[in-house]
1. Take the stretch 424-437 and flag every residue that is part of a loop (DSSP other than H, G, I, E, B) and either modelled with pLDDT under 85 or buried (at least 21 other Cβ atoms within 10 Å of the Cβ) (or both).
2. Tally up the residues in the stretch 306-337 that are assigned to a strand (DSSP E or B) and either crowded, with 16+ Cβ neighbours inside 10 Å or at pLDDT 90 or above (or both), please.
3. Which ones in the stretch 418-438 are farther than 30 Å from residue 203 by Cα and touching a helix residue (DSSP H, G or I) at 6+ places or on another chain (Cβ under 9 Å)?
4. Those residues that are under 30 Å from residue 75 (Cα atoms) and crowded, with 19+ Cβ neighbours inside 10 Å, I need them from the stretch 151-172; list them, please.
5. Quickly run through the stretch 520-540 and pick out the residues that are part of a strand (DSSP E or B) and more than 16 Å from the ligand (Cβ to nearest atom).
6. Looking at the stretch 386-423 only, could you name the residues that are within 16 Å of the ligand (Cβ to nearest atom), buried (at least 20 other Cβ atoms within 10 Å of the Cβ) and closer than 21 Å to residue 488 by Cα?
7. Across the stretch 164-197, what is the number of residues that are free of Cβ contacts under 8 Å to residues at least 12 places away in the same chain and in contact with a helix residue (DSSP H, G or I) (Cβ under 6 Å, 6 or more places away or on another chain)?
8. Answer yes or no as to whether residue 464 is assigned by TED's automatic domain parsing to the domain that holds residue 488 and either surrounded by 16 or more Cβ atoms within 10 Å (Cβ to Cβ) or touching a helix residue (DSSP H, G or I) at 6+ places or on another chain (Cβ under 9 Å) (or both).
Ligand SMILES: Nc1ncnc2c1ncn2[C@@H]1O[C@H](COP(=O)(O)OP(=O)(O)OP(=O)(O)O)[C@@H](O)[C@H]1O
């Protein structure tokens, strides 16, 4: 019930609907008690004294009761369903919203399949309980209470005898809940690892196929499927043990009723009509007890699911706005970035960047060069305030980025990453992603600057061509060019190109770069590249190694001093250097 209490906020304003639904159910339950009474009257007052003139009245009462009961059941079901759907709707929105604001750190380890199953299967289990199970639980309590009161009013001694097995029924049901709950939790986890396997397989289908690892994937899936099946079998075995035991206990009650009740009828302390009414009442009570198992199942499933959904909703957000965080005004942002002795480590790992300091004045271009894992992308992530630095400060126009709202900070930036993500929508929508009020001319202009316009126009539907999830049907370079157009259209004060032209050929890179010269004007630009050609015009180049700046300066300076920059330059420009030196030799000779 703790989970339910925590979820209260999502449906409490609709509690009237809940109360009304329970009231309708209570009326319907109370009406159910009329039938045993009518049976008693039929036997004791009509059949035994043979006064059949009361039959039409009894029949009419039965019809009216049945109709009223049906109406109440309908109302209770509709209202309950509405409440359940309302709750699921709000929870779904809340979870999705939470996913938008969870920090990068959360996504470093999050599994898509697991998240999907929380937003679908788990929410469905909660909806089911609030919309149906909760009212049924109340119904059971009401039926047992009403039924017992009525039985006591007819013959309290017989009631006590027939109720002997009720505590056993309750004990069995509670013990059952104790084992079925962890089993359901385990089953939910097994299901989420199963969905993760499917999701990863579909996402990584190209890798799987190119490595011919289909049999490995099949085996991996079948292990997870096996775990899910074992869990399913375990829970269904628990169920199959539960039912016969409950039936056995219920049968004892019936046997006791017939034996003891029959004796009471013979010695005259109970009428035949009362025995029949009792008989019908005992089923009225046992019926819902039978259901206790289903209800417990429904409840435990929703509890396990609720825990998983709450875990997501309550997950702390690593990077969030300070209370007095400043909202940037786009027109006032200059784009002056300063890193002061910044050190950062991912979790408990060694520092990914150490003691990084640089100043990127507004409109300047800063380049980063360094081997794999040297910390280039981390610097960019920190600049976006994706993580909190461990030491040092990052400032935008002299203000610590931690004192600026995350949304307004990132609104001033546009990034193009090495791995391009395209949404399954048209190219036009992919370029204008999330921007409102952009004209087609602006989209085309951005695409032209990114050298994407030409190939887009060659596509069957031009800018309306729909690209699949992960941009299927486009080459790596084409995808990158669309991503560049997307960044340029955003017209950011700070532009980040994280290996943004790695997938295009040298010639296209050169073309894009010349386009960049134009769009970089007035923006602070950070370029991460492996090619010297992308960095040579930068105002400052930082060469990184194992998270530290090992060289810094302009291209012209860096190639004159021995060090990693010159080494890379010599490798990449070997032909060019050879040609220059042979030309120089020629000149000396002549
Ligand atoms: N999300 C993450 N979680 C944990 N460690 C990370 C994460 N991202 C990067 N790292 C680690 O931080 C270090 C720096 O990585 P970073 O991605 O900044 O390097 P890089 O210079 O951009 O490399 P590349 O050129 O290969 O993209 C590496 O040791 C890497 O393993």
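The values are calculated or read from the model by the stated rules, or taken from the named source; none is laboratory data. It should be emphasised that the depicted structure is a prediction, and the values quoted were computed from it without experimental measurement. Methodologically, a virtual Cβ is constructed for each residue, glycine included, from the backbone with ideal geometry; neighbour enumeration extends over all protein chains shown.
1. Answer for the stretch 424-437, where residues must be part of a loop (DSSP other than H, G, I, E, B) and either modelled with pLDDT under 85 or buried (at least 21 other Cβ atoms within 10 Å of the Cβ) (or both): 424, 432, 434, 435, 436, 437.
2. Start the filter on the stretch 306-337 by keeping residues that are assigned to a strand (DSSP E or B), which leaves 326, 337.
So of that shortlist, the ones also either crowded, with 16+ Cβ neighbours inside 10 Å or at pLDDT 90 or above (or both) come out as 337.
Matching residues across the stretch 306-337 total 1.
3. Within the stretch 418-438, just 438 meets the criteria.
4. Selection gives 151 alone.
5. Step one: list which residues in the stretch 520-540 are part of a strand (DSSP E or B), which gives 524-528, 540.
Those that are part of a strand (DSSP E or B) and more than 16 Å from the ligand (Cβ to nearest atom): 524, 525, 540.
6. 415, 416, 420
7. 0
8. Details: assigned by TED's automatic domain parsing to the domain that holds residue 488: yes; either surrounded by 16 or more Cβ atoms within 10 Å (Cβ to Cβ) or touching a helix residue (DSSP H, G or I) at 6+ places or on another chain (Cβ under 9 Å) (or both): yes.
In short, yes.
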